[in-house]
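**Q** Below are the structure tokens for one structure; questions will follow.
Nothing in this text is a laboratory measurement; each read-out follows from the coordinates by a stated rule. Quick caveat: nothing in here was measured; it's all calculated off a predicted structure. Cβ placement follows ideal geometry from the backbone for every residue including glycine, while neighbour counts extend to all protein chains displayed.
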């Protein structure tokens, strides 16, 4: 998530970089770990200096 938000790129299963221009990230989850994943991702985004909030 941080790499997509910060750099606009992710890594394909082949190992190649793939451009993913994104202005927003949408997180979906209904598993037991969904809330913790959201907290962890938010902390990582903020630590990278990215703004977290409503679009």
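Residue-wise test of (1) in contact with a strand residue (DSSP E or B) (Cβ under 9 Å, 6 or more places away or on another chain); (2) closer than 11 Å to residue 1 by Cβ; (3) loosely packed, with under 10 Cβ neighbours inside 10 Å.
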position: 12; (1), (2), (3): yes, no, yes
position: 28; (1), (2), (3): no, no, yes
position: 33; (1), (2), (3): no, no, yes
position: 50; (1), (2), (3): no, yes, no
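**Q** Within region 1-20, work out how many residues are closer than 15 Å to residue 47 by Cβ and assigned to a loop (DSSP other than H, G, I, E, B).
**A** Qualifying residue count for the region: 1.
**Q** In region 4-20, which residue that is in contact (Cβ under 8 Å) with a residue 12 or more places away in the chain and out of contact with any helix residue (DSSP H, G or I) (no Cβ under 9 Å at 6 or more places or on another chain) is farthest from residue 52 (Cα to Cα)?
**A** 8
**Q** Still on this structure: Being outside any loop (DSSP other than H, G, I, E, B) and without any contact (Cβ under 8 Å) to a residue 24 or more places away in the chain is the filter here; which residues of region 21-46 pass it?
**A** Selection gives 34, 35, 36, 37, 38, 39, 40, 42, 43, 46.
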